[in-house]
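Participant: One structure is given below, represented as structure tokens, and several questions about it will come after.
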Amino acid sequence: MFLYYYNLRFNFLPTGNGLSWSSQQGSLRLTGKWAAEYRFLYVPVWSSGWVNVQASDIRLNVSGKVTALNHRPQIHLGDCSAELGTFHIELGGGMVPWLVNFFRGVISRTIKNAIRDKACEISRSVLLAEVNDHILSLPLHLPVWENFFIDYAVEKSPEFTSSYVEAEAAAELVYGAQTCPSPKIQEWTEEDLVPRMAVMWIGESIPNCLLKSAHEGKLITYTATKDKPSISSYLKTSCSLFSLTLCMGHFFPKLHTDYPNQHVDLHFRSHEVPFVQFTNDTIKVNSTFAVDFHIHPMKDHPKSLARLIVTSTSSLRPEIVKNRLAASVIDTENHFRQDFSDIGIFSNAFLFLFGKMFAMTTSALTRWMVAGGVPIPVFDNVTISGESEIRIFEEYIRLNTDLEFR
């Protein structure tokens with residue numbers, strides 16, 4: 001027997017009990033042979049022939065549920081029903097062809113039941129293979145920076161209603177052998193929410209884990225040297241009499257005396273763990289940087305001659321960039337204080353000029369910290385719309401978005 005099944009395409013629909021896949025306008029062609037034994041005047045007679053079946057408008061419905069298995073979603077299929085719209089059967093062959101017609105009804109019912117069973121078997125096979133493969137392709141181990149990853153884990157089985165599916169995932173930042181789990185937000189607001197295709201709530205603990213790990217890994221650093229032309233003259237230990245710009249030696253005569261005709265390297269690094277604050281309609285990132293003064297090159301002069309502490313607060317604007325929740329820096333406010341100095345006191349005039357020249361440096365460090373963003377787990381052929389509605393609440397962000405399929 002040969003079975004050909006056409007137009008096996010499914011529509012997906014969430015229900016109160018899970019998921020439902022339906023298929024309509026399917027068609028089928030079946031060819032085969034039949035064999036029968038009957039008695040004619042008490043004499044056993046064997047006969048055989050052929051059978052052709054054409055069925056169309058086949059309607060299938062398969063139910064299922066998605067559960068959390070090993071922190072990943074997994075599909076489990078349940079009941080299946082199949083209905084045949086148009087059914088046509090042809091029987092032929094045999095020694096007494098007209099006799100076969102007596103059994104047409106029985107044979108038709110038997111073949112219809114076999115078709116229903118086979119259609120459900122094929123449907124389950126197709127759905128299990130395609131849906132589970134698709135689910136398993138959902139990336140839950142996502143790169144953030146080099147050697148930084150976010151691991152998402154489906155904590156419990158998704159909940160289904162007739163209009164939406166709700167799933168909850170926990171996030172853990174992984175850096176080398178270190179991990180930073182994020183605490184769970186107990187309540188998510190739906191204030192003024194008109195849902196689009198997808199609604200996501202993301203807690204501030206995720207970017208804070210990222211910043212904490214970056215700080216502990218000593219990755220938030222920048223060194224300003226004489227190799228940058230715009231600040232080269234400012235970093236000199238000895239000022240030229242004919243120069244119209246001030247240099248380090250002007251503010252710290254000890255530099256000119258002890259290290260004449262050299263340059264200073266300014267090594268910026270995170271001094272304390274930076275942290276992000278989500279409050280109603282605003283995002284702030286608070287950072288404390290240490291700026292160590294070294295004679296150039298720093299690798300040959302590891303001793304810090306002075307240290308300035310910069311407390312920086314930046315306002316951010318959230319945005320979606322390449323399936324990541326990122327942010328751009330709107331403005332930055334810096335405050336400076338002296339930590340220690342072996343080359344003299346940090347005067348107000350020096351701090352004013354320093355703030356003017358290096359405000360962009362602290363802003364650049366902040367932009368570097370937030371520009372990579374937090375990757376959001378979506379399938380490879382799905383893009384989160386850049387026109388998403390982003391609302392900021394206490395301790396979390398709500399992302400209300402449409403999904404674009406490629």
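Where a number appears in this text, it was derived from the coordinates with a stated rule and is not lab data. All values reported here derive from a predicted model rather than from experimental measurement. When we count neighbours, we look across all protein chains shown, and the Cβ atoms used for this are built from the backbone with ideal geometry, even at glycine.
Participant: What is the order of 165, 131, fewest Cβ neighbours within 10 Å to most?
Facilitator: 165, 131
Participant: Where nothing but the Cβ of Lys and Arg (+1) and of Asp and Glu (-1) is charged, how large is the charge dipole of the range 318-383 around its Cα centre, in debye to the nearest 20?
Facilitator: 120
Participant: Run the reach check for residue 236 against aspartates and glutamates, Cα to Cα strictly under 18 Å, same-chain hits fewer than 8 apart removed. What comes back?
Facilitator: Within the straight-line limit of under 18 Å, residue 236 reaches these aspartates and glutamates: 227, 258, 265, 292, 300, 342.
Participant: In whole Hz, with x marking every Gly and Pro, tabulate ³J(HN,Hα) for the range 304-309 from phi via Karplus 6.51 cos²θ - 1.76 cosθ + 1.60, θ = phi - 60°.
Facilitator: 7, 7, 6, 9, 10, 9
Participant: If you don't mind, there's one more thing I want to ask. Please turn the phi angles of the range 227-238 into ³J(HN,Hα) values with the Karplus equation 6.51 cos²θ - 1.76 cosθ + 1.60 (θ = phi - 60°), one per residue in order, whole Hz, x for glycine and proline.
Facilitator: 3J(HN,Hα) across the range 227-238, in whole Hz: 5, 9, x, 5, 10, 4, 5, 5, 7, 5, 7, 10.
Participant: Right, next: Can you flag which of 184/218; 254/303; 218/299 are past 19 Å Cα-Cα?
Facilitator: 184/218
Participant: Would you work out which of 340, 290, 123 lies farthest towards the positive end of the dipole of the chain, given +1 charges on the beta-carbon of Lys and Arg and -1 on that of Asp and Glu, about the Cα centre?
Facilitator: 123
Participant: Can you list the residues, at least 5 places off or on another chain, whose amide H is less than 5 Å from the amide H of residue 34, using H built in the peptide plane?
Facilitator: 49, 50, 51
Participant: Here's a follow-up. Can you tell me the relative contact order of the chain? Whole percent, Cα pairs under 8 Å, sequence separation 6 or more.
Facilitator: Value for the chain: 12 percent.
Participant: Can you give the calculated 222 nm mean residue ellipticity of the chain, where each DSSP H run of n ≥ 4 adds -39,500 (n - 2.57) and the sum is split over every residue, rounded to the nearest 500 deg cm²/dmol?
Facilitator: For the chain, the value works out to -6500 deg cm²/dmol.
Participant: Using just the alpha carbons, could you tell me how many Å³ per residue the convex hull of the chain encloses?
Facilitator: 195
Participant: Also, quick follow-up: For 248, 200, what ranking results if the residue with the fewest other Cβ atoms within 10 Å of its Cβ goes first?
Facilitator: Result, fewest neighbours first: 200, 248.
Participant: If you put +1 on each Lys and Arg Cβ and -1 on each Asp and Glu Cβ, how big is the dipole of the chain around its Cα centre, in Debye rounded to 20?
Facilitator: Dipole size: approximately 1020 debye.
Participant: What are the residues whose amide H is under 5 Å from the amide H of residue 72, where those residues sit 5 or more places off or on another chain and H is modelled from the backbone?
Facilitator: Under 5 Å from the amide H of residue 72 lie the amide H atoms of 154, each far enough along the sequence or on another chain.
Participant: Still on this structure, I have one more. Once you list every other residue whose beta carbon is under 15 Å from the beta carbon of residue 182, what net charge do they have if Lys and Arg are +1 and Asp and Glu are -1?
Facilitator: -4
Participant: Tabulate in residue order the Karplus-calculated ³J(HN,Hα) for the range 397-404, using 6.51 cos²θ - 1.76 cosθ + 1.60 with θ = phi - 60°, rounded to whole Hz; enter x for Gly and Pro.
Facilitator: These are the phi-based 3J(HN,Hα) values: 10, 10, 10, 10, 9, 9, 10, 10 Hz.
Participant: Still on this structure, please answer the following. Take residue 159 and residue 218, extend 7 Å from each Cα along the Cα→Cβ direction, and tell me the distance between the two endpoints in nm.
Facilitator: Spacing of the two 7 Å Cα→Cβ label points: 4.7 nm.
Participant: Under a crude label model (7 Å from the Cα following the beta-carbon direction), how far is residue 52 from residue 379 in nanometres?
Facilitator: Those two pseudo-labels are separated by 3.9 nm.
Participant: For a label point 7 Å from the Cα of residue 147 along Cα→C-beta, name the residues of the range 260-275 whose backbone N is under 18 Å from it.
Facilitator: 269-270
Participant: Then there is this: Summing +1 for each Lys or Arg and -1 for each Asp or Glu, what net charge is found among the other residues whose Cβ lies under 14 Å from the Cβ of residue 30?
Facilitator: Result for the local shell: +3.
Participant: Next question. Which residue, chosen from 165, 399, 279, occupies the Cα position most advanced towards the positive end of the dipole of the chain, where the dipole is computed from +1 (Lys, Arg) and -1 (Asp, Glu) charges on Cβ about the Cα centre?
Facilitator: 165
Participant: In which sequence would 367, 317 go, from the one with the fewest C-beta neighbours within 10 Å to the one with the most?
Facilitator: Starting with the residue having the fewest Cβ neighbours, the order is 317, 367.
Participant: Now, a different point. Amide H neighbours of residue 196 under 5 Å, at least 5 residues apart or on other chains, H built in the peptide plane: list them.
Facilitator: Placed amide hydrogens put 401 under 5 Å from residue 196.
Participant: Let me check I've understood the local charge: for residue 167, count other residues with C-beta under 12 angstrom from its C-beta, Lys and Arg +1, Asp and Glu -1. What total comes out?
Facilitator: -2
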